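Colleague: I have a structure here, written as structure tokens, and I will follow up with some questions on it.
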Amino acid sequence: MVFKKLLGSLGVGGPTVDTTLPQGAAAPGGSLDGEVRLRGGSADSRIEHIALELVARVEAEHEEGESEGGVVFARFTVADGFVLHQDEELGIPFSVALPWETPVTELHGQDLGIALGVRTELSVAGARDKGDLDRLAVRPLPAQEAVLEALGQLGFGFRSADLELGHIHGTGQQLPFYQEIELSPSARYADRIGEIEVTFLAGAEGIEVVLEADSRGGHLSEGGDSLSRFTVGHHEAGGRDWVTEMDGRIRALADARTPHDAHAAYGYAHGHTGGQEHHRSGPGMGTVVAAGAAGVAVGVVGGLVAAEVVDEVGDFFEGEESDEGEEGGEEE
């Protein structure tokens with residue numbers, strides 16, 4: 001599939017640009033290849049630069065509640081300092097490296113509801129147009145897929161996925177946000193676990209997996225959250241019995257009964273301005289999947305996929321385009 005964008009003219013008779021991306025989903029840490037296609041306007045134009053931005057919709061917690069907005073998490077200059085002649089057509093190929101922590105947007109081709117896009121910025125002699133966002137699809141790395149596949153085979157179901165502003169302390173996290181994939185428990189854990197949240201922090205050597213279980217209380221104990229973290233090398237994705245391993249880890253989490261305030265011991269907290277940090281509030285933080293879809297798993301070779309996803313990605317892109325249109329025009 002080719003993603004097309006038309007930024008329109010920068011002033012009367014100005015140049016136009018289309019950016020095309022390749023078919024299929026990219027991979028975290030891999031290359032994103034494409035081409036920026038320019039067409040000259042009614043006169044020669046001095047192109048100051050052409051840049052690509054990776055933008056994500058991210059949620060933030062604060063004292064007043066929650067909010068969300070677009071966050072630019074990578075920027076690449078693909079061309080600068082040249083003249084685009086009148087009516088000239090020019091193609092500029094590019095190949096940029098996606099950050100290792102780029103969020104996963106799909107699993108087995110099923111949309112997870114993550115709003116992730118590529119935006120092209122064209123700067124022409126004092127005028128700048130950020131254009132609109134085109135959706136970027138990202139597939140999981142083999143180790144990420146192995147963990148999710150194992151959870152799917154254990155009967156866990158997809159509930160929601162979102163991006164949270166903040167840092168997981170004690171890790172090498174690079175981006176200003178992290179991804180949470182929320183799962184409903186399988187029948188064997190439903191009496192002890194309300195939900196499981198999975199976060200992947202990928203790097204060049206492998207991935208760190210953070211599991212959080214919302215454990216239900218019993219007659220003699222209170223409920224709470226328990227956490228587990230482990231690392232997986234990229235080369236290990238196919239060499240482990242993931243179903244058995246994840247079953248053991250989930251059972252350990254279900255038996256932990258860790259109180260909510262134990263988050264600090266694991267260094268799992270949101271980062272906020274002013275030096276304040278607030279711990280997560282538990283279930284219900286995901287907003288991209290309707291409540292009716294919660295707890296539903298589709299049995300595709302034991303895979304973990306969403307049965308129903310409410311797509312808010314289009315609304316996010318339209319909102320970004322509208323905002324940019326209001327701010328467009330020449331800059332001083």
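The values are calculated or read from the model by the stated rules, or taken from the named source; none is laboratory data. What you see is a predicted model, and the numbers here were worked out from it, not measured in a lab. Every residue, glycine among them, receives a Cβ derived from its backbone with ideal geometry; neighbour counts consider all protein chains shown.
Colleague: Test A143 against the stated conditions and say whether it is over 17 Å from E106 (Cα atoms) and among the hydrophobic types (A, V, I, L, M, F, W, C). Break it down stepwise before answering.
Modeller: Details: over 17 Å from E106 (Cα atoms): no; among the hydrophobic types (A, V, I, L, M, F, W, C): yes.
When the stated conditions are applied, A143 does not pass them.
Colleague: Taking into account only those residues within region 45-87 that are surrounded by 14 or more Cβ atoms within 10 Å (Cβ to Cβ) and charged (D, E, K, R), which is farthest from the chain's Cα centre (by Cα)?
Modeller: E48
A quick yes/no check of all residues on (1) under 30 Å from D44 (Cβ atoms); (2) modelled with pLDDT of 95 or more:
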{"site": "F94", "(1), (2)": "yes, yes"}
{"site": "A97", "(1), (2)": "no, yes"}
{"site": "E101", "(1), (2)": "no, yes"}
{"site": "G113", "(1), (2)": "no, no"}
{"site": "R119", "(1), (2)": "yes, no"}
{"site": "V124", "(1), (2)": "yes, no"}
{"site": "G131", "(1), (2)": "yes, no"}
{"site": "L141", "(1), (2)": "no, yes"}
